[in-house]
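The values are calculated or read from the model by the stated rules, or taken from the named source; none is laboratory data. Since the model is a prediction, treat every value here as computed from it, not as a measurement. A quick note on method: Cβ atoms are made from the backbone with ideal geometry, for glycine too, and the neighbour counts reach across all protein chains shown. For the accessible areas, the whole protein counts, side chains as well, though only heavy atoms, and no ligand, DNA or RNA atoms are used. Shrake-Rupley method; radii C 1.70, N 1.55, O 1.52, S 1.80 Å.
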Amino acid sequence: MLTVSDLHVSYGAINALSGVSFTIPQGAIVTLIGGNGAGKTTTLRTISGLLRPRRGSVTFRGEDITALPAHAIVARGLCHVPEGRMVFANLSVDENLAMGAYLLRDRERIARNREFVFGIFPRLKERLRQTAGTLSGGEQQMLAIGRALMGDPAFLMLDEPSLGIAPRLIATIFEKIVEINRTQGLTILLVEQNANLALEVSAGAYVLETGRVVMQGPSAQLRDDPQLRATYLGGGPVG
Amino acid sequence: MTEFLQQLLNGLSLGAIYALIALGYTMVYGVLRFINFAHSDVFMIGAFAGYYLGQRVPAGTLAGGLAVMAGAMVICAVLGMAIERLAYRPLRGAPTLNVLITAIGVSLFLQYTGQLIFGATPRTFPQLFPAARLSIGPLSVSSNQLLVIAVALVLMIALQLIVFRTRIGTAMRAVSLNPNAARLVGVNNDVVISFTFGLGSALAAAGGILYAMNYPSIDPLMGVMPGLKAFVAAILGGIGNIPGAALGGLLLGTVETFVGGSAFSTYKDAIAFAILILILLLRPAGLLGRFVAEKV
Ligand SMILES: Nc1ncnc2c1ncn2[C@@H]1O[C@H](COP(=O)(O)OP(=O)(O)OP(=O)(O)O)[C@@H](O)[C@H]1O
Ligand SMILES: [Mg+2]
């Protein structure tokens, strides 16, 4: 569904990505793992059109979207939940959700999406009038994901949804992510530093290191890889 | 007491004009984080548009006056969007200083093009609306003054509705809070920015006509002083804050009028800058503004 090939991205003189390629099949959850500064966020920002690659291309549903502006990419059903959530702090929860459906005109469809989002995150329904900036970190993450779902995406990219959230809530959010994938057939690209968790919920994984893919394969297989365990999974014994 | 009320009314009608101009500064700051110094010259063009359009309608009628005002607002909205498209959009992503200098350039360009086309000699602004002097109790009020307050009030309420109740208004607020997040939900930020310039410039045009009705001589440099004061009003209310700009304008106009009527009347124009300095020292975020730590 999404093919990234040979992406080179730099910030001024700093090379953040030097030839990243991967493919994500329709309906799958695929994860991108890697340490700080590996280039995970840069990869997502390039796919969603916030950054322009120096070289390489992004193909979504057979269409080359490399040069499209960000809003046109969203319009094609590819939605990016950014790192640090980026909810609209001074807008209410309600207005944030409305912004998520910015490109939809059909009121009925918007109402249906709202109900769907409330079904997944009932907490949001209780907080509709609250200013988004005053939500807890976990609630803001729910809002960020809910806002993305309001636009009916076909493909969702999540950048570190577990960042700064209590372990119990992380489990809930990941359950929801899997649930959305199962029930809606939504394809998901999940970026995580929490590799244990990411490999558990995903079908396939790519490991990024200083702007390059250094390892790839089915998640179950990577979970047992001794080298990967040593670097990203705390180095504990297999099992 | 009567004199106090009289002055208050004078102050509010001057302040309403400052408020209309200040809204444009503050809205553009909201979405682009820079001060559009050319805004005061759009205000001037608004007054000249009113002057020329005014010759094409019967003078001194309500319908004619409103039609002229609407026409001038449309002309300035288009002008504002053209300025953004030609001068500022190519600089998107450039350092703020570059954009500020460009804005000063656009401002000078409009002033001196104005002198070339309209001439430098002041012209008398026509009486667009029916004129009358009304007595409300002991107060003597000109219909122009009431009109200024009424029109400004209607426009500010309309603006409030647009910004807080419509889809494009919500998008404006979203862009000003987080431009990248707005793009990621599908907002075309360029369209929103263009709309913001159009809206602010239309308000400036209305302000220009209302100003010219009460201080009835117009010239190509007429925007400089009211523009500076409206800028101070926007800072006073908290730059980027829409209700703040309205409040700042009303306050500044009122204070200035009272100072003008007192023993210190020579300092009438200095008062705005005294307020600016005080605000910058005591409450840099303005009356209603809050400084949010910039995210990096
Ligand atoms: N705006 C920027 N300007 C300059 N360099 C940047 C910028 N953003 C990222 N980088 C650099 O690009 C590299 C990749 O950063 P990126 O944010 O993609 O990493 P990441 O894998 O998402 O890391 P983390 O897990 O810490 O979020 C890093 O070396 C980083 O310092
Ligand atoms: Mg990151």
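If you scan region A:34-66, which residues turn out to be more than 14 Å from chain B (Cβ to nearest Cβ), within 11 Å of ligand 2 (Cβ to nearest atom) and touching a helix residue (DSSP H, G or I) at 6+ places or on another chain (Cβ under 9 Å)?
Within region A:34-66, A:34, A:35 qualify.
Can you tell me which residue among B:198, B:169 is more than 7 Å from every other protein chain (Cβ to nearest Cβ), open to solvent by less than 20 Å² (accessible area, probe 1.4 Å) and touching a residue at least 60 places away in the same chain (Cβ under 8 Å)?
B:198
Within region A:14-71, take every residue that is of a type in the set (Val, Ile, Thr) and touching a Pro at 6+ places or on another chain (Cβ under 7 Å) and give me the one that is surrounded by the fewest Cβ atoms within 10 Å (Cβ to Cβ).
By that ranking, first place goes to A:66.
May I ask you to list pairs of residues, at least six apart or on different chains, whose Cβ atoms are under 6 Å apart, with the first in region A:195-218 being touching a residue at least 40 places away in the same chain (Cβ under 8 Å) and among the aliphatic types (A, V, I, L, M) and the second being open to solvent by 70 Å² or more (accessible area, probe 1.4 Å) and not in a strand (DSSP E or B)?
So the pair list comes out as A:199/A:223.
Taking interchain pairs and intrachain pairs at least six residues apart, which have beta carbon atoms under 9 angstrom, with the first residue in region A:33-46 and at positive phi and the second near ligand 2 (Cβ under 8 Å from one of its atoms) and assigned to a helix (DSSP H, G or I)?
The qualifying pairs are A:34/A:40.
Residue by residue through region B:172-195, note down the ones that are over 21 Å from the mean Cα position of the chain (by Cα), facing chain A (nearest Cβ under 7 Å) and within 20 Å of residue B:22 (Cα to Cα).
B:177
I'd like to know if region A:170-181 contains one or more residues that are outside any helix (DSSP H, G or I) and either away from ligand 1 (no atom under 16 Å from the Cβ) or within 14 Å of chain B (Cβ to nearest Cβ) (or both).
Filtering region A:170-181 down to residues outside any helix (DSSP H, G or I) leaves none.
No, the conditions are met nowhere in region A:170-181.
Given the criterion within 16 Å of residue A:189 (Cα to Cα) and either β-branched (Val, Ile, Thr) or in contact (Cβ under 8 Å) with a residue 24 or more places away in the chain (or both), identify the matching residue among A:80, A:8. I'd like the intermediate steps shown before the answer.
Values: A:8 fails: within 16 Å of residue A:189 (Cα to Cα).
Unique residue meeting the criteria: A:80.
Give me the residue from region B:147-166 that is in contact (Cβ under 8 Å) with a residue 24 or more places away in the chain and open to solvent by 60 Å² or more (accessible area, probe 1.4 Å) and, out of that set, nearest to residue B:208 (Cα to Cα). Working first, answer last.
Let us first name the residues in region B:147-166 that are in contact (Cβ under 8 Å) with a residue 24 or more places away in the chain, namely B:147-149, B:151-153, B:155-156, B:159-160, B:162-163.
So of that shortlist, the ones also open to solvent by 60 Å² or more (accessible area, probe 1.4 Å) come out as B:153, B:160.
Working: B:153: 15, B:160: 20 Å.
Ranking the qualifying residues of region B:147-166, first place goes to B:153.
Out of the helices (runs of 4 or more DSSP H) lying entirely within region B:199-294, which hold 1 or more residues that are over 12 Å from the mean Cα position of the chain (by Cα) and over 24 Å from residue B:33 (Cα atoms)?
B:242-260, B:270-282
Could you list all residues from region A:145-162 that are of a type in the set (A, V, I, L, M, F, W, C), more than 16 Å from ligand 1 (Cβ to nearest atom) and surrounded by 20 or more Cβ atoms within 10 Å (Cβ to Cβ)?
A:145, A:148, A:149, A:150, A:155, A:156
Which of the following residues is within 14 Å of another protein chain (Cβ to nearest Cβ), open to solvent by 10 Å² or more (accessible area, probe 1.4 Å), over 18 Å from residue B:171 (Cβ atoms) and within 16 Å of ligand 1 (Cβ to nearest atom): A:85, A:76? If you could, list the steps in order and put the result at the bottom.
Details: A:76 fails: within 16 Å of ligand 1 (Cβ to nearest atom).
Result: A:85 is the single residue among A:85, A:76 that is within 14 Å of another protein chain (Cβ to nearest Cβ), open to solvent by 10 Å² or more (accessible area, probe 1.4 Å), over 18 Å from residue B:171 (Cβ atoms) and within 16 Å of ligand 1 (Cβ to nearest atom).
Count, please, the residues in region A:88-122 that happen to be within 12 Å of another protein chain (Cβ to nearest Cβ) and open to solvent by 50 Å² or more (accessible area, probe 1.4 Å).
Residues of region A:88-122 within 12 Å of another protein chain (Cβ to nearest Cβ): A:88-92, A:94-105, A:107, A:110.
Going one step further and asking which of them are open to solvent by 50 Å² or more (accessible area, probe 1.4 Å), we end up with A:90, A:98, A:103, A:105, A:107.
The total comes to 5.
Among the residues of region A:163-175, what is the count of those that are open to solvent by less than 20 Å² (accessible area, probe 1.4 Å) and within 12 Å of ligand 2 (Cβ to nearest atom)?
0
Given the criteria within 16 Å of ligand 1 (Cβ to nearest atom), open to solvent by 10 Å² or more (accessible area, probe 1.4 Å), more than 14 Å from chain B (Cβ to nearest Cβ) and at pLDDT 90 or above, does residue A:142 qualify?
Criteria not met by residue A:142.
Just for region A:8-33: of the residues that are within 16 Å of ligand 2 (Cβ to nearest atom) and within 16 Å of residue A:198 (Cα to Cα), which one is nearest to the other protein chains (Cβ to nearest Cβ)?
Ranking the candidates gives A:32 first.
If a residue has to be within 8 Å of ligand 1 (Cβ to nearest atom), small (Gly, Ala, Ser) and touching a helix residue (DSSP H, G or I) at 6+ places or on another chain (Cβ under 9 Å) to count, how many in region A:1-33 make the cut?
Matching residues across region A:1-33 total 1.
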